[in-house]
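Report on one structure; see the data block that follows.
The values are calculated or read from the model by the stated rules, or taken from the named source; none is laboratory data. Please read these numbers as outputs of a predicted model, since none were measured by experiment. Here the Cβ positions follow ideal geometry from the backbone for every residue, glycine too, while neighbour counts run over all protein chains shown. We work out accessible area using only protein heavy atoms, side chains counted, and drop any ligands, DNA or RNA first. Shrake-Rupley method; radii C 1.70, N 1.55, O 1.52, S 1.80 Å.
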Amino acid sequence: MTAEPTSTSDLSRSDARRRAILDVASEVFLAQGYAATSMSEIAAKLGGSKGTLYNYFRSKEELFSAFIVDTCQGPAMTYFDPLPPIGEGRSVRDSLIDLGVSLMEFLHVEEVIAMHRLVIAEVGRFPELGRIFYEAGPRKGELRFAEFFEAAMAAGHLPAADPMLVGQRLKDLVMSDVYLRQLWGVTDGFSPEAIRDHVAKSVDVFARAFGPLREAHVPNWTS
């Protein structure tokens, strides 16, 4: 017997239910942490059965992974998708500064900071959280950065190298000090001007390591 096709309204209801699950899961995970959160509690807050919840997510680990992707995806699209390729219409240095500033803006989203703190707090008791978090969040960011650098190298804007490695090193320089202080809560935040200045200095350090040097000065990269 041929199965009845799934209607648009059925898909809409399913998408709405999944959205509701993720909204509740986000609220509970961030408020209580991973260990104290149960699938039973999330189902109760949704007003449905645990069986229905398991129809969408087979385990708490799978739901946590979906929560990470959901938390990161929207801000990541906002900050990174509008960026043009490195060296397209702007100097390479300015392009890298824009990329670094977008990274810092993304990392300073309140929900992203809260999620990082949650993972750090729980990973000692649940080591699998580190892997889940890395694969669903930072790993995707590393691949996105690698795409930027691979395209820039192919266009001749940067010397040929491992684009993943180069992207990781720029990320590390841009995040250095500033993001950890934000994560630890020992700063009231940084102005947009302070962030751009920090990123510009990080890009200049990066240029000395990965750019075509000219004497002892930071290279004047142009498109």
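Regarding the range 54-64, can at least one residue be identified that is aromatic (Phe, Trp, Tyr) and exposed (fewer than 15 other Cβ atoms within 10 Å of the Cβ)?
Initial filter on the range 54-64 (aromatic (Phe, Trp, Tyr)): 54, 56-57, 64.
Applying the additional criterion that residues be exposed (fewer than 15 other Cβ atoms within 10 Å of the Cβ) yields 54.
Checked the range 54-64: at least one residue is aromatic (Phe, Trp, Tyr) and exposed (fewer than 15 other Cβ atoms within 10 Å of the Cβ).
Against the numbered list (1) surrounded by 15 or more Cβ atoms within 10 Å (Cβ to Cβ); (2) not in a helix (DSSP H, G or I), Ala76 comes up short only at (2). A search for C-beta distances below 8 Å between a residue of the range 167-196 that is farther than 18 Å from Glu142 by Cβ and in contact (Cβ under 8 Å) with a residue 12 or more places away in the chain and any residue that is open to solvent by 60 Å² or more (accessible area, probe 1.4 Å) and aliphatic (A, V, I, L, M), counting only pairs 6+ apart in sequence or on different chains, returns Leu183/Ile120. One residue alone among Asp70, Asp81, Asp94, Asp98 is in contact with a helix residue (DSSP H, G or I) (Cβ under 6 Å, 6 or more places away or on another chain) and open to solvent by 10 Å² or more (accessible area, probe 1.4 Å), and that residue is Asp70.
Quick check on Leu63: is it in contact with a Phe, Trp or Tyr (Cβ under 6 Å, 6 or more places away or on another chain) and under 14 Å from Thr37 (Cβ atoms)? Here the answer is yes, as Leu63 does meet what is asked. If the condition is being open to solvent by 70 Å² or more (accessible area, probe 1.4 Å) and in contact with a His (Cβ under 9 Å, 6 or more places away or on another chain), then the range 152-189 contributes only Asp177.
Could you tell me whether any residue of the range 112-133 is closer than 15 Å to Ser65 by Cα, among the charged types (D, E, K, R) and touching a helix residue (DSSP H, G or I) at 6+ places or on another chain (Cβ under 6 Å)? Within the range 112-133, one or more residues are closer than 15 Å to Ser65 by Cα, among the charged types (D, E, K, R) and touching a helix residue (DSSP H, G or I) at 6+ places or on another chain (Cβ under 6 Å).
The residue of the range 122-140 that is most open to solvent (accessible area, probe 1.4 Å), among those that are under 22 Å from Pro75 (Cβ atoms) and acidic (Asp, Glu), is Glu135. Considering the range 46-73, and only residues there that are part of a helix (DSSP H, G or I) and polar (S, T, N, Q), the residue that is farthest from the chain's Cα centre (by Cα) turns out to be Thr52. Considering only residues in the range 34-51 that are surrounded by fewer than 17 Cβ atoms within 10 Å (Cβ to Cβ) and touching a helix residue (DSSP H, G or I) at 6+ places or on another chain (Cβ under 7 Å), the one that is farthest from Leu103 (Cα to Cα) turns out to be Ser49. Taking residues in the range 71-94 that are within 19 Å of Val199 (Cα to Cα) and among the hydroxyl-bearing types (Ser, Thr, Tyr), and partners anywhere that are surrounded by 18 or more Cβ atoms within 10 Å (Cβ to Cβ) and modelled with pLDDT of 90 or more, the pairs with Cβ atoms closer than 8 Å and at least 6 places apart or on different chains are Tyr79/Ser102; Tyr79/Leu103.
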